[in-house]
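Enquirer: Dropping the structure in here first, questions after.
The values are calculated or read from the model by the stated rules, or taken from the named source; none is laboratory data. Small disclaimer: the values here were computed from a predicted structure and weren't measured. Here Cβ is always computed from backbone atoms with ideal geometry, including for glycine, and neighbour counts include all displayed protein chains.
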Amino acid sequence: MNNRRSKKPLRTGAVSWTALVAATLGLSSADLVRAEIASDGLGSDGAYRLVVQSYSAESLAADDLPGTYARPLGSMQRAVTAEELERGIAVDLVQIDAAPAAPIVVAWVEPGEPDLEYDALRARPSPGAHYGVGSPGARVILRRLQV
C-alpha cells in the first residue's frame, strides 16, 4: 500500500457510493486515500460498524480525536466482522475537498450496523469504540478508546 494519494482514475470496486459518483462525474479534484485498517482484537464476533474518515492534521485535537467542529475531507462506513479486522481491511476514501497537505486517517469500529447517514460524514466514535489514527497508505491499528 505505497500509494498515499492518487489523482489517477478512481477505482470503484470496494469503495463507497461517493466514489462511484466522483468517478461517474469525472471529478478531477477528488483524491483517493488508501489505508489498511486492523484491530488488536475485538473480543467477540458480531455485527460491527467500521467508520473511516480523513482530516487535515490541524483538525485533530491533542487526543487525536476530531475537534467538535472538524469536517472530514472524506469518509466511509461499512459492516465488518471481528475476523475481517484481525486480518486487516483495505479501504479507499474519496476526498472531494483536497487537503493542502497529507491528510490524517481516523478509523474506529463499534458494535452495530452502518446507518443510512451520508457516508458517515458526521459520525463520531462512541464510548468504548476501538479507535486508531494513521497516515494514508499505512496500517491503522484500532485499540479501545479510553474515554
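Enquirer: Given 78, 49, which one is charged (D, E, K, R) and out of contact with any helix residue (DSSP H, G or I) (no Cβ under 9 Å at 6 or more places or on another chain)?
Expert: Details: 49 fails: out of contact with any helix residue (DSSP H, G or I) (no Cβ under 9 Å at 6 or more places or on another chain).
Just one listed residue meets the conditions, 78.
Enquirer: Condition check: closer than 21 Å to residue 32 by Cβ, of a type outside the set (A, V, I, L, M) and touching a residue at least 24 places away in the same chain (Cβ under 8 Å). Does residue 55 satisfy that? It would help to see each step written out before you state the result.
Expert: Numbers: closer than 21 Å to residue 32 by Cβ: yes; of a type outside the set (A, V, I, L, M): yes; touching a residue at least 24 places away in the same chain (Cβ under 8 Å): yes.
So residue 55 fits the description; yes.
Enquirer: Here's another thing I want to ask about it. Out of segment 101-119, which residues are modelled with pLDDT of 80 or more and either charged (D, E, K, R) or within 18 Å of residue 36 (Cα to Cα) (or both)?
Expert: Narrowing segment 101-119 to residues modelled with pLDDT of 80 or more: 103-115.
Answer for segment 101-119, where residues must be modelled with pLDDT of 80 or more and either charged (D, E, K, R) or within 18 Å of residue 36 (Cα to Cα) (or both): 103, 104, 105, 106, 107, 108, 109, 110, 113, 115.
Enquirer: Here is a further query. Out of all the residues in segment 105-123, which are part of a loop (DSSP other than H, G, I, E, B) and over 17 Å from residue 93 (Cβ atoms)?
Expert: If we filter segment 105-123 for residues that are part of a loop (DSSP other than H, G, I, E, B), which is where we start, we get 112-117, 121-123.
Hits for segment 105-123 are 112, 113, 115, 116.
Enquirer: Please go through segment 119-146 and pick out each residue that is among the polar types (S, T, N, Q) and either without any contact (Cβ under 8 Å) to a residue 40 or more places away in the chain or in contact with a Gly (Cβ under 8 Å, 6 or more places away or on another chain) (or both).
Expert: Within segment 119-146, 126, 146 meet the criteria.
Enquirer: Residues being of a type in the set (Gly, Ala, Ser) and closer than 12 Å to residue 51 by Cβ: count how many of those fall in segment 122-147. Break it down into steps so the answer makes sense when it comes.
Expert: Residues of segment 122-147 that are of a type in the set (Gly, Ala, Ser), as a first pass: 123, 126, 128-129, 132, 134-135, 137-138.
If we keep only those that are closer than 12 Å to residue 51 by Cβ as well, we get 123, 126, 129, 132.
Of the residues in segment 122-147, 4 are of a type in the set (Gly, Ala, Ser) and closer than 12 Å to residue 51 by Cβ.
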